[in-house]
Amino acid sequence: MLGFILKRLGLALMVALAVSAIAFFLLRLSGDVAVAIAGEGAQQADIDVIRETYGLNRPLVVQYLDWLWKTLRGDFGTSIYFKTDVSELVLAKMPVTLILGLTSLAFALLISIPLGVLAAIYANSWIDRVALAIAVFGQAMPNFFFALILVMLFSITLRWLPVSGSATWQHYIMPTVALGYYAAPAFMRLIRAGMIEVLSADYIRTARAKGLPSGKIIFKHALRNAVVPVVALAAVQLGFLLGGSVVIETIFALDGLGYLAYQSITYKDFPVMQVVVLLLSVVYVLLTLAADIANAWLDPRIRVA
């Protein structure tokens, strides 16, 4: 098991390094950092001075290695637009995104587990078809469009919930529903398939032959085994939710990492963009690593392979 973890950890580090390099070069190719720092209407002489001062006239590979060395030491630079330390700025915005990601994941599990269980128990019935229709609807509808529908209904028409901000727990309800509903279909389909397979197993037939109550068979024996793959999927989906919060946070003006990424792109704040992309990618890689370790711990065949 230790060897498996070390191999996966090494692979995760290589992936994180590759993502940081790709993000760095793509962001540099999208615009001139010196022009962004100098501002609109700056003279070419001023831009040349800035390029010389910040080392932006060096080859991109040298700039990347210099940035990587500073990042490894905890020096993330200074924001061009916000005029503050990038690390302090990111740490201040991180709790909002974490809350949104965790609540969205909880909401997705809350609706997907009951629907998946019902769809498996009543397979090929109208209940199963309704559950699958809900899943298809959630997967097909873009979350930003669903978010706008929620705003129109609950904020503008009914005036039950605030449109934007993150001051109270009410501000998180619509973003959580919009983001979590998009992640729910994957869980529901997995639970449905797992429950159908488990319910046809020999030990379930034995439990029924012994006269055990249906509820005990479903929730104590069947669901316990069917939900094992969901644990690994939840870690991966949390990474998707954290990375996919940019659009939702922008729509609802939640002051988190997603909205910060949108602002940094708008104002060409390259230091902030680079750190946000790196942070979200590292979090996703770590969650994927955790999912692999969980799978290997739950199923020894994986680590043997």
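What is the calculated FRET efficiency for Leu98 to Trp69, with r their C-beta to C-beta distance and R₀ = 35 Å, to the nearest 0.05? Before the final figure, lay out the partial values.
Values: r = 28 Å, r/R0 = 0.80.
Result of the calculation: an efficiency of 0.80.
Here Cα extents along the principal axes in Å was calculated from the structure, and among (i) 69, 44, 38; (ii) 86, 57, 28; (iii) 54, 45, 36 it sits at label (ii).
Please give the peptides 47-56, 69-78 ranked by average Cβ packing (other Cβ atoms within 10 Å per residue), highest first, as a rough proxy for protection.
Working: 47-56: 14.9, 69-78: 12.8.
So the peptides 47-56, 69-78, ranked by packing, come out 47-56, 69-78.
Taking amide H atoms as placed 1.01 Å from N in the peptide plane, the amide H of Gly77 lies under 5 Å from those of Val86, each 5 or more residues away in sequence or on another chain. Subtracting the Cα-Cα distance of Thr78 and Phe145 from their residue separation scaled by 0.36 nm leaves 20.6 nm.
Which value, in debye to the nearest 20, describes the size of the charge dipole of the stretch 86-304 about its Cα centre when Lys and Arg Cβ atoms bear +1, Asp and Glu Cβ atoms bear -1, and nothing else is charged?
I would put it at about 840 debye.
Take 269-277, 99-107 and order them by the average number of nearby Cβ atoms within 10 Å per residue, most first; the result is 269-277, 99-107.
Working from Cα pairs under 8 Å separated by at least six residues, relative contact order for the chain is 27 percent. Helix screen, the chain: DSSP H segments with Cα axial length of 27 Å or more and mean Kyte-Doolittle hydropathy at least -0.5 are 2-29, 86-121, 173-199, 270-298.
Just so you know, all these numbers are worked out from the coordinates, no wet-lab data involved. A quick note: this is a predicted structure, and the numbers were derived from the prediction, not measured. For neighbour counting, all protein chains shown are included, and Cβ atoms are generated from backbone atoms with ideal geometry for every residue, glycine included.
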